[in-house]
Amino acid sequence: MNPTQRLSRLVATARGDLVLPLRPRAAADVVALPLRLADALDLGASRWVCVVIDADGGQWTVPVVEGSGEVRRAIAGDGVAAALVTMLAGSGEPASPAFVMRRWRHPLPDNASKQRKLLSEAGTHERSIAVDQTNDSIVVGERAVVKWAVRLPADHSVEQPAARRLGMLADHGFSGIPATLGMLQWTGSPPHPALLASVTEFLPGAVDGWTWAVDDVRAFAAGDVAADNALLPARQLGVLVAGMHVAFASSGRAVADEKTTQRWRDRANHALDDALRLVDGPEGERLARRAPRIRAAFETFLETSGTPLIDVHGDLHVGQVLRHGSPSRYALIDFDGNPVTAIEEGARRQPVALDVAGMLASLDHVGRVVIKRTDGVDVDAVLAWIGQAQATFFAAYRSALLEAGAGALLDDRVIRPLQLEQECREFIYAVRHLPHWRYVPDAALSALLPDEE
Ligand code: ADP
Ligand code: MG
């Protein structure tokens with residue numbers, strides 16, 4: 001029996017937790033047994049990257065270690081992520097034909113040599129990134145982050161956006177993301193390759209906006225930070241997001257036709273229907289009262305044919321913005337798209353307003369979190385910050401687009417209905433994954449729909 005046949009046998013008798021990362025939330029996922037090994041990349045020393053299919057046809061990327069007649073999902077310390085980084089640092093190609101290693105070199109020589117240095121210095125030390133994650137990320141040698149895609153999209157007829165979008169930004173030399181070092185793809189399920197893992201520069205000391213923005217607003221509300229300083233990050237984010245859109249726009253654009261705007265209207269109504277069905281209690285009652293006004297706003301999508309469409313981030317919120325370095329800089333991460341939208345929708349080109357609405361919503365949400373979780377907080381100060389931060393972000397975004405000669409990308413009319421749709425999605429996300437989050441969309445909607453009876 002060759003090593004791959006042995007691996008196949010072990011996978012066929014493995015438990016469902018083979019495919020699941022070690023997180024409490026994952027335990028809720030149901031994996032239909034038996035599992036089947038679809039393909040495997042041998043990284044040496046009993047370490048593998050596997051594509052595993054469950055009995056329902058669900059496909060999973062699984063870093064695997066094999067030992068004492070068993071297989072288990074590799075965790076930090078097992079060396080699978082480090083072996084991938086080592087392969088990326090060299091020039092070798094994966095030994096199995098369906099696995100493809102894409103390497104990125106920045107167009108500027110200095111940056112390209114920094115990338116090479118990161119990879120060659122990474123070594124073998126691994127640790128996991130311990131935050132609530134939908135994927136599984138491992139830091140290798142404090143230099144690189146390997147992000148395993150846990151579940152592969154069911155439908156390979158749709159191109160997964162993350163690989164394309166990271167590639168576009170990397171090709172464009174956009175500096176507002178951690179440097180893209182490489183991607184491991186699998187071509188065993190045509191027509192589109194599946195992204196199994198992405199490898200990016202590790203940003204030391206980076207924290208995401210659910211930490212830094214919440215801390216900032218808390219400090220501002222306590223009087224420890226002046227108003228100007230409390231709004232500076234919102235301005236920097238506006239410039240950053242505009243830069244990302246300009247980079248995406250240079251890789252191609254389209255315009256929305258009537259069919260597209262109808263699809264948006266239907267998609268938004270669908271999100272509202274789901275939220276109405278799922279949310280009970282006082283929040284559900286308030287949502288039901290607000291529903292006619294929300295639906296009316298969704299009708300305005302139909303007036304927006306002609307809106308420019310480009311690739312966008314697709315799931316933009318402060319949690320996707322890392323703050324790092326001194327003085328502070330910001331980097332956008334996680335181009336996997338919105339976990340609550342269908343992949344076909346996420347893969348399409350979208351109006352830039354989708355990201356703008358996402359960021360406006362999350363600036364509001366930061367304020368709601370501070371109000372809820374800070375004893376004795378000055379609520380008025382936080383509410384004032386929300387409005388000012390949104391206005392500051394938006395003004396900086398718009399003027400950066402104009403400065404780049406790309407002002408025509410933004411169609412203001414699409415922002416408000418997208419903000420309302422986003423709050424419906426927040427409700428759905430709350431019910432499915434994070435029950436206590438409901439207060440956030442509930443409060444955000446009261447700001448979007450003032451003057452309620
Ligand atoms: P998910 O898809 O699970 O949300 P993300 O790609 O957004 O995963 O990353 C989750 C967390 O990992 C981030 O909030 C951040 O704390 C950390 N992280 C991700 N990429 C990097 C990086 N390049 N450098 C430092 N930390 C990172
Ligand atoms: Mg994320």
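The values are calculated or read from the model by the stated rules, or taken from the named source; none is laboratory data. Nothing here was measured: the structure is a model prediction, and the numbers come from that model. Please note: Cβ atoms are built from the backbone with ideal geometry, for glycine as well, and neighbour counts cover all protein chains shown. Just the protein is used for accessible areas: all its heavy atoms, side chains included, with ligands, DNA and RNA removed. Shrake-Rupley method; radii C 1.70, N 1.55, O 1.52, S 1.80 Å.
The condition of being open to solvent by 60 Å² or more (accessible area, probe 1.4 Å) and touching a residue at least 40 places away in the same chain (Cβ under 8 Å) does not hold for Arg425.
Within the stretch 299-325, the residues that satisfy the criterion of being surrounded by fewer than 22 Cβ atoms within 10 Å (Cβ to Cβ), in contact with a helix residue (DSSP H, G or I) (Cβ under 8 Å, 6 or more places away or on another chain) and either assigned to a loop (DSSP other than H, G, I, E, B) or of a type in the set (Phe, Trp, Tyr) (or both) are Thr304, Ser305, Asp315. Within the stretch 90-105, identify whether any single residue is within 16 Å of ligand 2 (Cβ to nearest atom), surrounded by fewer than 22 Cβ atoms within 10 Å (Cβ to Cβ), of a type in the set (A, V, I, L, M, F, W, C) and modelled with pLDDT under 90, and answer yes or no. No: the stretch 90-105 contains no residue that is within 16 Å of ligand 2 (Cβ to nearest atom), surrounded by fewer than 22 Cβ atoms within 10 Å (Cβ to Cβ), of a type in the set (A, V, I, L, M, F, W, C) and modelled with pLDDT under 90. For the stretch 212-251, the set of residues classified as of a type outside the set (A, V, I, L, M, F, W, C) and more than 17 Å from Leu401 (Cβ to Cβ) consists of Asp215, Asp216, Arg218, Gly223, Asp224, Asp228, Asn229, Pro233, listed by residue number.
So which of Val207, Val214 ends up being surrounded by fewer than 18 Cβ atoms within 10 Å (Cβ to Cβ), within 14 Å of ligand 1 (Cβ to nearest atom) and hydrophobic (A, V, I, L, M, F, W, C)? Spell out the reasoning first.
Working: Val214 fails: surrounded by fewer than 18 Cβ atoms within 10 Å (Cβ to Cβ).
Just a single option satisfies the conditions, and that option is Val207.
Checking each residue in the stretch 107-150 for being crowded, with 19+ Cβ neighbours inside 10 Å, more than 18 Å from the chain's Cα centre (by Cα) and at pLDDT below 95 picks out Gln115, Leu118, Leu119, Ala122. Tell me, which residue of the stretch 331-356 that is within 16 Å of ligand 1 (Cβ to nearest atom) and among the β-branched types (Val, Ile, Thr) is farthest from Leu231 (Cα to Cα)? So the residue we want is Ile343.
Determine whether Ser328 is within 16 Å of ligand 1 (Cβ to nearest atom) and either within 19 Å of Leu434 (Cα to Cα) or surrounded by fewer than 22 Cβ atoms within 10 Å (Cβ to Cβ) (or both). Break it down stepwise before answering.
Values: within 16 Å of ligand 1 (Cβ to nearest atom): yes; either within 19 Å of Leu434 (Cα to Cα) or surrounded by fewer than 22 Cβ atoms within 10 Å (Cβ to Cβ) (or both): yes.
Against the criterion (within 16 Å of ligand 1 (Cβ to nearest atom) and either within 19 Å of Leu434 (Cα to Cα) or surrounded by fewer than 22 Cβ atoms within 10 Å (Cβ to Cβ) (or both)), Ser328 qualifies.
Would you tally the residues in the stretch 173-191 being touching a helix residue (DSSP H, G or I) at 6+ places or on another chain (Cβ under 9 Å) and over 29 Å from Gln236 (Cα atoms)? Qualifying residue count, the stretch 173-191: 2. Does Val49 qualify as being within 30 Å of Pro435 (Cα to Cα), in contact with a strand residue (DSSP E or B) (Cβ under 6 Å, 6 or more places away or on another chain), open to solvent by less than 60 Å² (accessible area, probe 1.4 Å) and outside any loop (DSSP other than H, G, I, E, B)? No: the conditions fail for Val49. Determine, yes or no, whether Ser128 is free of Cβ contacts under 8 Å to residues at least 12 places away in the same chain and within 16 Å of ligand 2 (Cβ to nearest atom). Answer is no for this residue. Sub-6 Å Cβ pairs linking a first residue in the stretch 168-179 that is closer than 9 Å to Ser251 by Cβ to a second residue that is of a type in the set (S, T, N, Q), at least 6 apart or interchain, are Met168/Ser251, ordered by first then second residue. Residue count for the stretch 190-246 satisfying the condition of being more than 14 Å from Ala396 (Cα to Cα) and within 16 Å of ligand 2 (Cβ to nearest atom): 15. The lone criterion from (1) surrounded by fewer than 16 Cβ atoms within 10 Å (Cβ to Cβ); (2) in contact with a Gly (Cβ under 7 Å, 6 or more places away or on another chain); (3) of a type in the set (D, E, K, R) left unmet by Asp155 is number (2). Scanning the stretch 242-273 for residues that are surrounded by fewer than 18 Cβ atoms within 10 Å (Cβ to Cβ) and in contact with a His (Cβ under 9 Å, 6 or more places away or on another chain) yields Ser250, Ser251.
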